[in-house]
Amino acid sequence: MDINSHAMLGNAWFGLIGLMLIFYVVTDGFDLGVGILSLFTRREQERNLIFQSIEHVWDANETWLVVVGGALFGAFPSAYATLLEQLYIPIMLLIASLIMRGASIEFRHAAGNKRLWDLIFGVGSLLAAVAQGVVLGEVITGLQPGPLSAVFTACTALGVVAGYCLLGSTYLIKKTGGQLEAAARRYATASVLATVAAAIVLSAGTMVFSAIGHDRWAQPGVFGVLLALAAIAASAFIYILWAVHVNGVRGPFRGAIVLFLASFAGLAISFFPDLVPGKLSIAAAASDEPTLIFMLIGMGSMLPIMIGYNLFQYYVFEGKVVPRKH
């Protein structure tokens, strides 16, 4: 086995999984965000609009998580085993929460008591976001136990919830009108402030609690790239506030996507060349070369279809939703 070619294939799969993960975070992120915000929506007519805004896309959005899990299992089996062993509880909570969401969306239409299923949908969305934040925080700290790591992980969970609320609120600005849109603008302002505040706190915490801050950020050139990405994120933050203030319709959601892309790129650069900072590298976790090549051929044919389908469904269902007549 050629060590260089194996390393290139491992890095390629690191990039592919990162690409699929950002598709999931953005698409299912606004799904989870609108679910969390539904907990603060009292009128059933407005909750109906929330469900209408995502009913044609939510299941396809969650497909990305399944693909990420399968790709991680095939390309980096030791990482898959390590993460599931160490993060069994938050991962099971995530799966249970997504099941709760799916059941509530399907059963709500035929239910006499829609409020119960609305509550299950909102709580499931919140728990799923918290579980993802816990997983992220644990991975950033290198799966290290301790009270300080626990505090960092709790802050990460809050940051993920705030970020998903930002995606959800800006998506509702784009998809709804009237009082719900006005409320979404207020939520967007609050959530973008909370998201950026959490990002600043977590960046400072990473320098203290994670091998990322000790090692990766100290490497030549890395910190400069991160500063450039931080400037992009800061510009997106300012743009979101401006777009919300001037009653922009699509601008706030686009700005939120840019903010997430810049943050995710910074996270990927910080992790590389590790999958679990200070504990498991890409090279050590990667499968053998024939497996990586075989999977790359399959993913190379499937990924364009998935991306094309996602783009097509958003094109078909673009525009604001209107209340259905019952």
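The values are calculated or read from the model by the stated rules, or taken from the named source; none is laboratory data. Fair warning: this is a prediction, and the values are worked out from it, not measured in the lab. Positions of Cβ are backbone-derived with ideal geometry, glycine not excepted, and every protein chain shown enters the neighbour counts. Each accessible area value is taken on the protein alone, full model and side chains, heavy atoms only, with ligands, DNA and RNA left out. Shrake-Rupley method; radii C 1.70, N 1.55, O 1.52, S 1.80 Å.
Every residue, every condition in (1) open to solvent by 60 Å² or more (accessible area, probe 1.4 Å); (2) closer than 14 Å to residue 31 by Cβ, yes or no:
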| residue | (1), (2) |
| --- | --- |
| 61 | no, yes |
| 66 | yes, no |
| 83 | no, no |
| 87 | no, no |
| 102 | no, yes |
| 105 | no, yes |
Can you find even one residue in the range 27-34 that is farther than 16 Å from residue 172 by Cα and in contact with a Phe, Trp or Tyr (Cβ under 7 Å, 6 or more places away or on another chain)? no
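Are any of the residues in the range 207-227 over 29 Å from residue 55 (Cβ atoms), surrounded by fewer than 16 Cβ atoms within 10 Å (Cβ to Cβ) and charged (D, E, K, R)?
Yes: the range 207-227 contains one or more residues that are over 29 Å from residue 55 (Cβ atoms), surrounded by fewer than 16 Cβ atoms within 10 Å (Cβ to Cβ) and charged (D, E, K, R).
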Name the residues in the range 109-129 that are surrounded by 14 or more Cβ atoms within 10 Å (Cβ to Cβ) and free of Cβ contacts under 8 Å to residues at least 40 places away in the same chain, would you? 117, 120, 127
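Residue by residue, here is whether (1) at pLDDT 95 or above; (2) of a type in the set (D, E, K, R); (3) touching a helix residue (DSSP H, G or I) at 6+ places or on another chain (Cβ under 8 Å) holds:
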{"site": "149", "(1), (2), (3)": "no, no, yes"}
{"site": "152", "(1), (2), (3)": "no, no, yes"}
{"site": "155", "(1), (2), (3)": "no, no, yes"}
{"site": "167", "(1), (2), (3)": "yes, no, yes"}
{"site": "177", "(1), (2), (3)": "no, no, no"}
{"site": "181", "(1), (2), (3)": "no, yes, yes"}
{"site": "188", "(1), (2), (3)": "yes, no, yes"}
{"site": "198", "(1), (2), (3)": "no, no, yes"}
{"site": "204", "(1), (2), (3)": "no, no, no"}
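State whether one or more residues within the range 45-53 are open to solvent by 40 Å² or more (accessible area, probe 1.4 Å), out of contact with any His (no Cβ under 8 Å at 6 or more places or on another chain), assigned to a helix (DSSP H, G or I) and among the aromatic types (Phe, Trp, Tyr).
Going through the range 45-53, the residues open to solvent by 40 Å² or more (accessible area, probe 1.4 Å) turn out to be 45.
Next, from what is left, pick out any that are out of contact with any His (no Cβ under 8 Å at 6 or more places or on another chain): 45.
Among the residues that remain, those that are also assigned to a helix (DSSP H, G or I) are: 45.
So of that shortlist, the ones also among the aromatic types (Phe, Trp, Tyr) come out as none.
For the range 45-53, residues open to solvent by 40 Å² or more (accessible area, probe 1.4 Å), out of contact with any His (no Cβ under 8 Å at 6 or more places or on another chain), assigned to a helix (DSSP H, G or I) and among the aromatic types (Phe, Trp, Tyr): absent.
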Taking residue 65 and the conditions (1) assigned to a helix (DSSP H, G or I); (2) in contact with a Lys or Arg (Cβ under 6 Å, 6 or more places away or on another chain); (3) of a type outside the set (Phe, Trp, Tyr), which numbered condition does it fall short on, given that it satisfies the others? (2)
Take residue 10 and tell me if it is in contact (Cβ under 8 Å) with a residue 12 or more places away in the chain, over 24 Å from residue 174 (Cα atoms), open to solvent by less than 10 Å² (accessible area, probe 1.4 Å) and assigned to a helix (DSSP H, G or I). yes
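Considering each of 176, 170, 189, 195 in turn, give the residue that is open to solvent by less than 30 Å² (accessible area, probe 1.4 Å) and more than 18 Å from residue 26 (Cβ to Cβ). Give the derivation first.
On the way: 170 fails: more than 18 Å from residue 26 (Cβ to Cβ); 189 fails: open to solvent by less than 30 Å² (accessible area, probe 1.4 Å); 195 fails: more than 18 Å from residue 26 (Cβ to Cβ).
Exactly one of 176, 170, 189, 195 is open to solvent by less than 30 Å² (accessible area, probe 1.4 Å) and more than 18 Å from residue 26 (Cβ to Cβ), namely 176.
Give the number of residues within the range 27-44 that are out of contact with any Lys or Arg (no Cβ under 7 Å at 6 or more places or on another chain) and either crowded, with 20+ Cβ neighbours inside 10 Å or among the charged types (D, E, K, R) (or both). Even if it seems obvious, please write down each step before you answer.
Of all residues in the range 27-44, those out of contact with any Lys or Arg (no Cβ under 7 Å at 6 or more places or on another chain) come to 27-34, 36-37, 39-40, 42-43.
Checking the rest, the ones that are also either crowded, with 20+ Cβ neighbours inside 10 Å or among the charged types (D, E, K, R) (or both) come to 27-34, 36-37, 42-43.
Residues flagged as out of contact with any Lys or Arg (no Cβ under 7 Å at 6 or more places or on another chain) and either crowded, with 20+ Cβ neighbours inside 10 Å or among the charged types (D, E, K, R) (or both) within the range 27-44 amount to 12.
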